[in-house]
Amino acid sequence: MNDYTKIRKTTILFQIWYNKIFILDVYLFMAEQYIDKENLEIIRERLWAISNKKKITLEDIQDRTGFSYSQVHRIVRGSNNMSVSGLIAVCKALEVQPREVFDFEIKIPKHLPLRRDRKA
């Protein structure tokens, strides 16, 4: 097992003939969720700056998106990953185009050649 995989143990109940219950422990292998904390922080700083500049509170964003306060807080001020749909909803609530939030440079790593080029 590598660093990118974690195991989640799930218990499954099976009810089979004559109402006998069998309990099976099943191990599910799940890929680790990718989170780019550095760039998420930049995005969150921009969202927060825009909301402060326009004097739009988290409660206003909540009203405009229909999200719970905790959802809004996780997107704008949190530290975990956010969905693209949630981010777009917040951009709409802030009356700002996503390109204004994403107007920054990211580090592009050197990659291996494309697979089709490696086969040749």
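The values are calculated or read from the model by the stated rules, or taken from the named source; none is laboratory data. All figures in this text were calculated on a predicted structure; none of them were measured in a lab. Counting neighbours? That spans all protein chains shown, and the Cβs are built from the backbone with ideal geometry, glycine included. For accessibility, only protein heavy atoms count, side chains too; no ligands or nucleic acids. Shrake-Rupley method; radii C 1.70, N 1.55, O 1.52, S 1.80 Å.
How big is D for the stretch 59-120, in µm² s⁻¹ as a whole number, if Stokes-Einstein is applied with the Kirkwood radius of its Cα pairs at 20 °C and 1.002 mPa s?
152
May I ask you to give the percent of accessible area on the stretch 36-120 that is carbon plus sulfur, with a probe radius of 1.4 Å?
Answer for the stretch 36-120 is 51 percent, counting heavy atoms of protein chains only.
How high is the FRET efficiency between SER68 and LYS119 when r is their beta carbon distance and R₀ equals 35 Å, given to the nearest 0.05?
The calculated FRET efficiency here is 0.10.
Using a Förster radius of 25 Å, what is the FRET efficiency between ILE88 and ALA49 based on their Cβ-Cβ separation? Nearest 0.05, please.
According to the calculation, E is roughly 0.90.
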